[in-house]
Amino acid sequence: MQSLQQLLERLFDTGHRWLTEASERWRIHTNRRTIIILAIVGSLAIYVYVAAVAPPENFPVDRLVSVESGQALKDVATNLQEKGVVRSSLMLRVVVTLMGDERSVHAGDYLFKEPKDVFAIGRALALGAYGLEPQRIRIPEGATTKEMALIFARSLERFNADNFLAQAKPQEGFLFPDTYFFMPNATEDTAIQALRQNFDQHVTTIQGEIASSTHSLSEIVTMASILEREAYNTHDRRMISGVLWNRLARGMPLQVDVTFIYTLGKGTFQLTMKDLVSDSPYNTYRYKGLPPTAIGSPSLDSLRAAATPIKNDYLYFLADHRGVTHFCKNYACQLANKAKYF
């Protein structure tokens, strides 16, 4: 009887050890399988993210991306993949479809300040989150249309400098210098319209002075563009305005150096005798009267100074190295001032 009991105990112990070992082997193998499965899933997720979700390396940061009106989602996705906005056109189609439907894509220009993954791009397309913000662009007083073209071209991607100059050059002086706010997708047409409209609005504020001046608007603008570069305060501008109108009234050439800045890019202290006799309609030493056009975009202060000169008997002026302007009634006085201040 005892032997039977001992046999049963040994069988039980053996069975218990076998079950324990089997359980331990199962646990170990289960952990291995879990790790393997997680590794496979993780690798697959990383692959999918890198291949289809993450922003492309050549993502067009701060560049306009267009979605044409009426385009099918398939064409939009293909186009954005070609432009480096998304890695996978298929993934983008899936994301947009899950967010709504393929007809919910908003057409227009998009701008992204930083790289976005396919989910962010899909959300932007579905919501019409264009990312466009007005850009501050300052056109300084006295700027020429050539200088304006360079300023706009640096800030506006859709701006065509050649087209701008073709339209703006005949309006030299009539495009108002100011601080403007343009959307990043603004074109040269938008810029010209805004500058000219601003000019017209400012001119209406001095319409009475212009009407009383006996000079045409074109003459006022051209004179103002000269005053803009000749002086930096209202009093001097109005005084010089009186001097230059006096010279014109007497049939004298204006003999101002600032017109050479417009044609040759040279200032007073860079001019040569050859420059002074150059055959250009903007050479106010050689040709009498006002230049054929303005030489830049005058401020409102210069426009008002051209229309309301301070009456005086002076025919000459010069500014010394400190910026102080000295006036003379005759050439002998002018020569004396040149000898004194230069």
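We did not get these values from a lab; they are worked out from the coordinates using the rules stated. Fair warning: this is a prediction, and the values are worked out from it, not measured in the lab. So basically every Cβ, Gly included, is an ideal-geometry build from the backbone, and we count neighbours across all protein chains shown.
Table for the structure above
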item: Cα-based reach from Lys74 at 17 Å (exclusive), listing lysines while leaving out same-chain residues under 8 positions away; result: Lys83
item: Alpha-carbon radius of gyration plus Dmax, which is the widest Cα pair, for the stretch 65-127 in Å; result: 10.1, 27
item: Over 19 Å [Cα-Cα, the stretch 92-169], rounded percent; result: 54 percent
item: Radius, Kirkwood style, for the stretch 229-341 when every pair of distinct Cα atoms is counted (Å); result: 14.6 Å
item: Alpha-carbon gyration tensor eigenvalues x 5, square-rooted, for the stretch 41-187, Å; result: 39, 15, 12
item: Geometric extent, Cα atoms of the stretch 102-257 - Rg, Dmax (angstrom); result: 21.7, 75
item: Reachable lysines from Lys338, criterion Cα separation under 21 angstrom, eight or more residues apart if same chain; result: Lys266, Lys274, Lys329
item: Segments 315-324, 193-202 sorted - mean Cβ within 10 Å per residue, highest first; result: 193-202, 315-324
item: By average C-beta atoms within 10 angstrom, highest first, the peptides 216-224, 65-73, 103-111; result: 216-224, 103-111, 65-73
item: Selected from Val221, Ala306, Phe327, residue furthest toward positive end of dipole (the stretch 205-342; charges at beta carbon); result: Phe327
item: Dipole magnitude of the stretch 70-121, debye to nearest 20 (Cβ charges: Lys/Arg +1, Asp/Glu -1, about Cα centre); result: 80 debye
item: Selection from Phe159, Gln197, Gln171, by position along the positive dipole direction of the stretch 135-203 (Cβ); result: Phe159
item: Cα-Cα pairs of the stretch 135-203 separated by more than 20 Å (percent); result: 14 percent
